[in-house]
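Derivation of every value follows stated rules applied to the coordinates shown; laboratory data play no part. Bear in mind that the values here come from a model prediction, so they are computed numbers and not experimental data. Positions of Cβ are backbone-derived with ideal geometry, glycine not excepted, and every protein chain shown enters the neighbour counts.
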């Protein structure tokens with residue numbers, strides 16, 4: 001039996017620890033709002049994404065949902081919990097808070113963004129956790145036309161979302177505004 005000492009042993013131990021932390025989840029970041037992480041530009045499937053703070057973010061497009069990854073690490077280091085009201089976005093700071101409105105019903109929910117995605121699908125602007133999709137009423141559809149707006153919610157709602165619970169009910173948007181949003185989405189060719 002050969003015993004390895006010094007730098008070679010240290011490198012081997014560190015490589016093994018890194019490999020195990022990736023497989024088993026390792027230590028997750030606590031669910032909190034600080035520090036906010038923006039991160040450097042990154043490339044997925046040949047597309048470059050540039051994370052940035054965008055307090056005026058207001059986008060129409062499509063939401064899908066995901067949930068089989070429960071227990072994995074999110075992009076900001078937290079444990080992904082499929083039943084929580086969270087989402088993935090390609091470029092908003094982590095975490096961010098957004099209002100997501102389903103354009104078929106006008107139902108609006110508050111969601112905490114703590115992961116990166118979606119990376120496929122024309123017009124997709126957000127991936128909702130299974131819990132968020134259920135809360136919005138779009139889980140059965142698989143994907144839905146939505147409006148996503150960055151908001152600055154009260155601490156009470158932030159705290160509820162950080163604990164995995166839905167935030168306070170949001171007001172339903174008017175039928176007139178809903179019709180205008182649907183028309184904008186059609187005009188964009190999405």
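Do the sum for the chain: with -39,500 (n - 2.57) for every DSSP H run of n ≥ 4, divided by all residues, what is the mean residue ellipticity at 222 nm, to the nearest 500 deg cm²/dmol?
Rounded to the nearest 500, the figure is -7500 deg cm²/dmol.
Taking the Cα atoms of region 42-187, report the difference between the largest and smallest coordinate on each principal axis, in whole Å and largest first.
40, 38, 31
Determine, for 174, 64, the number of other Cβ atoms within 10 Å of each Cβ, and report the residues in order from fewest to most.
By the 10 Å Cβ count, ascending: 174, 64.
How would 104, 157 line up from fewest to most surrounding beta-carbon atoms within 10 angstrom?
104, 157
Viscosity 0.692 mPa s, temperature 37 °C: give me the Stokes-Einstein translational D for region 43-90 in µm²/s, with Rh taken as the Kirkwood radius over C-alpha pairs.
Answer, rounded: 250 µm²/s.
Pairing the Cα long axis of helix 175-187 with the longest principal axis of the chain, what angle in degrees results, from 0 to 90 and rounded to the nearest 10?
With rounding to tens, the tilt is 60 degrees.
How far apart, in nm, are the 7 Å Cα→Cβ label points at residue 176 and residue 69?
Placing both labels 7 Å along Cα→Cβ, they lie 4.1 nm apart.
Of the beta bridges DSSP finds with both residues in the chain, what % are antiparallel, to the nearest 5?
Antiparallel: roughly 75 percent of the beta bridges in the chain.
Return 68, 96 ranked ascending by Cβ neighbour count within 10 Å, so the fewest neighbours appear first.
With the fewest neighbours first, 68, 96 line up as 68, 96.
What order do you get for 32-39, 133-140, 54-61 when each peptide is scored by the mean count of other beta carbon atoms within 10 Å, highest first?
133-140, 54-61, 32-39
Once the Cα atoms of helix 6-24 and of the chain are each reduced to a long axis, what angle between those two axes, in degrees from 0 to 90 to the nearest 10, is obtained?
The answer is roughly 30 degrees.
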